Amino acid sequence: MAPFFLLFIAVMIVPIGYAIWMSLFREESAGLGFGGSHTVFTGIGNYTRALGDSVFRDSFLHVALYCLIYIPLMVGGALALALLVDSAMARAKKFFQLAYFLPHAVPGMIAAIIWVYLYTPSLSPITQFLKTFGASWDFLGNDAVLFSMANAAAWQWIGYNMVIFYAALQAVPRETLEAALVDGAGHFRTAVAVKLPMIRSSVVLTMLFTAVGAIQLFTEPEILRAKAPSLAPEWSPTMYIYQAAFTKHDYGTAAAASLMLAVLGALLSFVITKFGNRWKEA
């Protein structure tokens, strides 16, 4: 067990402890700044400063709205695809598993750049196609950019989650499915009433990973904001932390904001696990 605890301390305890220590201090310049900067103890000052910043608070609201779109799209879409691939009527299952999973092999930044190209009106073949029918849609407009962002992230991750669901579906006893069909249940009812309840653990696990990943949203808004004026440099909590640390060099506030985001992630994990366990026992 000693190697485990050493590794756990090195990769978990030490970084968290260092972040807590950094969050209690800030750099201050003496006079007009000619005397250099020095570190002063501020206690919870960095926490109150971050919480008092409306930009930081708004970033959580942005991510909450994003989660309302992204999580149902991701989990529902992946589940639907897995059930379709697992259905007895599906052909070329191996091909579709690979085809759906391939976008996940694309690095996140490259995927975001691809979608910037597809969303930019003067470059996008999608908008050009819509124009042939007299229709138009601004994917990067204020009303649509949130959906565009969720779509870009879902494109990359939906195949990954589909594979998890599909693997869980393979563990469902075939005798149970055959019995349901013999009893007169159609394919749709078998999927909803038999398959879905038997893969509840995978659904809860996927929702947990998706939610925790969603509140750490960074790449998509950071890349899309080059073409979407409504996306501010501090649009999401992680973007706020990045700007505080690497643009303003305010490492104390960045550490405090990071720890508050980590606490939110822990609370979210607890809530999802709690409700997930109740659903599994129902």
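Quick look at the values:
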item: Residue satisfying all of: in the range 101-120; of a type in the set (A, V, I, L, M, F, W, C), loosely packed, with under 13 Cβ neighbours inside 10 Å and free of Cβ contacts under 8 Å to residues at least 40 places away in the same chain; nearest to residue 138 (Cα to Cα) among these; result: 110
item: Residue within the range 164-185 that is among the aliphatic types (A, V, I, L, M), modelled with pLDDT of 90 or more, touching a Lys or Arg at 6+ places or on another chain (Cβ under 8 Å) and open to solvent by 10 Å² or more (accessible area, probe 1.4 Å) present; result: no
item: From 68, 73, 123, 98, residue being part of a helix (DSSP H, G or I), modelled with pLDDT under 90, of a type outside the set (Phe, Trp, Tyr) and open to solvent by 70 Å² or more (accessible area, probe 1.4 Å); result: 98
item: Matching residues, the range 204-246, being within 30 Å of residue 282 (Cα to Cα) and in contact with a helix residue (DSSP H, G or I) (Cβ under 7 Å, 6 or more places away or on another chain); result: 204, 206, 207, 208, 210, 211, 212, 214, 215
item: Any hit, the range 179-186, residues being in contact (Cβ under 8 Å) with a residue 12 or more places away in the chain, in a helix (DSSP H, G or I) and on the phi < 0 side of the Ramachandran plot; result: yes
item: Filtered residues of the range 6-28 (kept if assigned to a helix (DSSP H, G or I) and aliphatic (A, V, I, L, M)); result: 6, 7, 9, 10, 11, 12, 13, 14, 16, 19, 20, 22
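The values are calculated or read from the model by the stated rules, or taken from the named source; none is laboratory data. Fair warning: this is a prediction, and the values are worked out from it, not measured in the lab. Cβ coordinates were reconstructed from backbone atoms using ideal geometry, including for glycine residues, and neighbour counts include every protein chain displayed. Note: areas computed on protein heavy atoms with side chains; ligands, DNA, RNA excluded. Shrake-Rupley method; radii C 1.70, N 1.55, O 1.52, S 1.80 Å.
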